[in-house]
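Report on the structure given below.
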C-alpha cells in the first residue's frame with residue numbers, strides 16, 4: 001500500500017501531498033487529496049486520502065461532487081463527526097466501526 005505523509009518527517013525538497021478539508025456550517029464539506037471512496041451511505045463515508053483513511057459520519061449524507069482525477073469530493077448533509085483511522089499494513093479498510101473497535 002502507498003505510504004502516507006508523516007508530519008514528523010520533514011524532508012526538504014519534498015512537498016506534502018495536497019489534502020484540505022473545508023466545512024461550511026456542518027452542512028457541507030469539501031475534501032481534496034482523496035484517492036478513492038471506499039464506502040458510503042447516508043450515515044457514513046469512508047474515504048482513502050493521501051493522509052490516511054477518513055471517516056465522516058452524519059445524517060442524510062449525500063455526495064454532491066466526485067472528481068477522482070483531481071481527488072475532490074463534496075458531501076452534503078448534517079455532519080456529526082470526522083476522524084482519521086490508523087493505517088495498518090496489509091489491511092484493507094473494512095468500515096468505520098470495524099476499525100474503531102478492533
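Read the figures in this text as sums done on the coordinates, not as results from a lab. As the structure is a prediction and not an experimental result, all values here were calculated from the model. Virtual Cβ from ideal backbone geometry, glycine too; neighbours counted across all protein chains shown.
Which value, to two decimals, describes the C-alpha radius of gyration of region 22-87 once divided by 2.2 N^0.38 Å? Display every interim value, and only then the final one.
Values: Rg = 10.6 Å, N = 66, 2.2 N^0.38 = 10.8 Å.
That works out to 0.98 for region 22-87.
Could you list the residues of region 21-48 with an amide nitrogen less than 14 Å from a label point located 7 Å from the Cα of residue 69 in the Cα-to-C-beta direction?
none
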